[in-house]
Amino acid sequence: MKAMVLNRISSLQKNNAPLEFVDFPKPVPGDKDLLVKISVCGVCHTELDEIEGRTPPSFLPMILGHQVVGRIEGTGKKVGKFKVGDRVGIAWIHSACGKCKHCHEGNDNLCEKFQASGRDAHGGYAEYTTISEDYAFPIPEIFSDLEAAPLLCAGTIGYRSLRLTNMKDGDILGLVGFGASAHIVIQMAKHKYPNSKIFAFARNEGERAFARELGAAWAGNIGEVPPEKLNCAIDTTPVWKPVVEALKNLAPGGRLVINAIRKEDIDKEYLLNINYPTHLWHEKEIKSVANVTRQNVSEFLELAAAIPIRPEVQAFRLEEANEALLELKTSKIRGAKVLTI
Ligand SMILES: [Zn+2]
Ligand SMILES: [Zn+2]
């Protein structure tokens, strides 16, 4: 099969074509696995963290990609939940142990043995992949394959982040960074909290205009002061300045949720601007988001279909994965990028 593979860790600045288009052995499903013929795979910022070594793959070469939509072409002999021809999605959660305290409490995202699609097992930048039937998700009819892809990570992690903010109707929500995840979160938040205002912070005017189109009451640059304080905020940027600025803009008791698997170190010294009374006092909180649970994926897909959420996608061919990643790195973003296989 054809695949775009990562052979070595490198910085995108030095190597602007980190993935190689190759022939790769077609995977063989185990007893509980589905063999999925991939139709599309979303491109996520986490792929940059993998390529640049902030959360490196557990082995190389690795096929990246964790927002996979396709149809089942074959099944292992113990598969009972799905059949050949069914459309399924694969998300970041590839497996967890199922036995530990976290797994028993439904927090399989926190499992020590958590395995990620496209990092600890081959993902979706290819013609085929395999997944245990327990970690595959039916895709609601109303979404095309292209629309469904960004729901599987950008949307699902956004759903988890929004829940972790403890937002209530009427609260003011800040979205710091306005990429694939935030453009879905804003649609979800407007639906769930109709009396709330949403303020967006983004470093380029294109993203700010997009936020206004989707209903942001105000959109400004990172570092700008919004018209009112934020009761909660979600940061989806890869760096630190937006975190410090968001803390400053929080109302007393406000919570900032950092939706990022890793942060880059390029502006880490900006953290020295944190001044306890301005940024932290008055019971302000910071919380990170780690991975997603299986339940998050199922619940979010159902909610996304009910609203319905309309992801805006920009399609690239599989061979163009490097271009898509480079555009993500340089912030040429409007909605989500998806590879068509
Ligand atoms: Zn992702
Ligand atoms: Zn576990």
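Table for the structure above
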read-out	value
Residue among N296, N291 that alone is in a loop (DSSP other than H, G, I, E, B) and either touching a Gly at 6+ places or on another chain (Cβ under 6 Å) or of a type in the set (S, T, N, Q) (or both)	N291
Any hit, the stretch 232-240, residues being of a type in the set (S, T, N, Q), under 30 Å from I93 (Cα atoms) and assigned by TED's automatic domain parsing to the domain that holds G174	yes
Any strands (runs of 3 or more DSSP E) falling wholly within the stretch 41-138 and containing at least 1 residues that are under 22 Å from A182 (Cβ atoms) and at pLDDT 95 or above	68-75, 87-90, 93-95
Failed condition for T75, given (1) crowded, with 20+ Cβ neighbours inside 10 Å; (2) among the hydroxyl-bearing types (S, T, Y); (3) within 30 Å of V239 (Cα to Cα)	(3)
Only listed residue being at pLDDT 95 or above and under 29 Å from H104 (Cβ atoms), chosen from N275, N249, N296	N296
Test: I309 is hydrophobic (A, V, I, L, M, F, W, C), assigned to a loop (DSSP other than H, G, I, E, B), assigned by TED's automatic domain parsing to the domain that holds P138 and under 26 Å from L152 (Cβ atoms)	yes
Flag if E73 is away from ligand 2 (no atom under 13 Å from the Cβ) and of a type outside the set (F, W, Y)	yes
The stretch 203-225: number of residues that are hydrophobic (A, V, I, L, M, F, W, C) and either in contact with a Pro (Cβ under 8 Å, 6 or more places away or on another chain) or part of a loop (DSSP other than H, G, I, E, B) (or both)	6
Residues of the stretch 60-80 classified as over 25 Å from L6 (Cβ atoms) and under 26 Å from the mean Cα position of the chain (by Cα), total	2
Within the stretch 101-123, considering residues that are more than 16 Å from ligand 1 (Cβ to nearest atom) and free of Cβ contacts under 8 Å to residues at least 60 places away in the same chain, the one surrounded by the most Cβ atoms within 10 Å (Cβ to Cβ)	C111
Lone qualifier among A126, A91, A136 - being within 30 Å of V22 (Cβ to Cβ) and either surrounded by fewer than 21 Cβ atoms within 10 Å (Cβ to Cβ) or within 16 Å of ligand 1 (Cβ to nearest atom) (or both)	A91
Checking E141 against (1) surrounded by fewer than 16 Cβ atoms within 10 Å (Cβ to Cβ); (2) under 22 Å from C44 (Cα atoms), the condition it does not meet	(2)
Contacts under 6 angstrom Cβ, first residue in the stretch 46-58 being closer than 16 Å to T236 by Cα, partner among the aromatic types (F, W, Y), 6 or more apart	none
One residue from N195, N221, N166, N204 being under 30 Å from V68 (Cβ atoms) and of a type in the set (S, T, N, Q)	N204
I9 vs. criteria crowded, with 18+ Cβ neighbours inside 10 Å and more than 16 Å from ligand 1 (Cβ to nearest atom)	no
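Yes/no matrix, rows are residues, columns are (1) out of contact with any Cys (no Cβ under 7 Å at 6 or more places or on another chain); (2) over 19 Å from Q314 (Cα atoms); (3) in a loop (DSSP other than H, G, I, E, B):
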site: I142; (1), (2), (3): yes, no, yes
site: G155; (1), (2), (3): yes, no, no
site: S161; (1), (2), (3): yes, yes, no
site: D169; (1), (2), (3): yes, yes, yes
site: L175; (1), (2), (3): yes, yes, no
site: F178; (1), (2), (3): yes, no, yes
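The values are calculated or read from the model by the stated rules, or taken from the named source; none is laboratory data. Just so we're clear, the structure is a prediction, and the values are computed from it rather than from any experiment. Reconstructed Cβ throughout: ideal geometry from the backbone, glycine too, with neighbour counts over all protein chains shown.
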